[in-house]
1. Can you tell me how many residues in region 26-45 are surrounded by 18 or more Cβ atoms within 10 Å (Cβ to Cβ) and more than 9 Å from ligand 1 (Cβ to nearest atom)?
2. Being touching an Asp or Glu at 6+ places or on another chain (Cβ under 9 Å) and small (G, A, S) is the filter here; which residues of region 1-51 pass it?
3. How many residues does region 1-25 hold that are open to solvent by 60 Å² or more (accessible area, probe 1.4 Å), part of a loop (DSSP other than H, G, I, E, B) and farther than 18 Å from G55 by Cα?
4. Quick check on D117: is it open to solvent by 70 Å² or more (accessible area, probe 1.4 Å) and either in contact (Cβ under 8 Å) with a residue 40 or more places away in the chain or acidic (D, E) (or both)?
5. Could you tell me whether region 63-81 includes any residue that is at positive phi and assigned to a loop (DSSP other than H, G, I, E, B)?
6. Regarding Y85, is this residue within 23 Å of the chain's Cα centre (by Cα), in contact (Cβ under 8 Å) with a residue 12 or more places away in the chain, outside the structural domain of V143 (by TED's automatic domain parsing) and away from ligand 1 (no atom under 14 Å from the Cβ)?
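The values are calculated or read from the model by the stated rules, or taken from the named source; none is laboratory data. Being a predicted model, the structure only gives us computed values, none of them experimental. Please note: Cβ atoms are built from the backbone with ideal geometry, for glycine as well, and neighbour counts cover all protein chains shown. When the accessible area is computed, the model is the full protein with side chains, heavy atoms only, and any ligands, DNA or RNA have been set aside. Shrake-Rupley method; radii C 1.70, N 1.55, O 1.52, S 1.80 Å.
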Amino acid sequence: MSVLALGDGLYEVESASDHTYLVDLEAGRCTCPDYVFRKARCKHIRRVAIEITHGRTPPPGEIAVACHDCGETAFVDEDASGPFYCEAHELHAGDAVRDRETGDRLTVVDVSDLRADAVTIGGSDTTVADYATNKDYDPDVPVVGAVYPHATVATNGVVPGSLKVYVFPRTRLEKAT
Ligand SMILES: [Zn+2]
Ligand SMILES: [Zn+2]
């Protein structure tokens, strides 16, 4: 049996006999004869629950998305907007990153939820998205603040006053290993 999450707590289950049934997990309902005519907690509902328990399908309220950097599947809130990252490629304050444009290594100090086309660069009218070297990166992605050179930054994001923070579109940076 294969399970496909459709969102809104609904799952499509394809049975071994090639029948496709619809499961509403939270309501505990299925469109198969076992459920419809015998009101049994059928094998399709059980299968959806098992797939969720094993992390192979997202729970109600979440959808499966592909990591922007590696393509691996991650589960995120149904209403979340991309780009999405798996646990390994998600950025946090203190992480080392590589600038895809220059190859420079930096340290992340802040991951914002503000978009690159909504944040202006220090005192100017130019947004991060409009900045010349950022033209090739999506304007609707969040911005990330980072410092040169690779310096030790506490994971709580505290930055010594002497360090200048540069702001990048999220997709311009990749996690350094
Ligand atoms: Zn069923
Ligand atoms: Zn990834």
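1. Here the count works out to 0.
2. Residues satisfying the conditions are S2, A5, G7, G9, A40.
3. Count: 4.
4. Working: open to solvent by 70 Å² or more (accessible area, probe 1.4 Å): no; either in contact (Cβ under 8 Å) with a residue 40 or more places away in the chain or acidic (D, E) (or both): yes.
The answer is no for D117.
5. First, pick out the residues of region 63-81 that are at positive phi: 71.
Among the residues that remain, those that are also assigned to a loop (DSSP other than H, G, I, E, B) are: 71.
Within region 63-81, one or more residues are at positive phi and assigned to a loop (DSSP other than H, G, I, E, B).
6. Working: within 23 Å of the chain's Cα centre (by Cα): yes; in contact (Cβ under 8 Å) with a residue 12 or more places away in the chain: yes; outside the structural domain of V143 (by TED's automatic domain parsing): yes; away from ligand 1 (no atom under 14 Å from the Cβ): yes.
Spelling it out, Y85 is indeed within 23 Å of the chain's Cα centre (by Cα), in contact (Cβ under 8 Å) with a residue 12 or more places away in the chain, outside the structural domain of V143 (by TED's automatic domain parsing) and away from ligand 1 (no atom under 14 Å from the Cβ).
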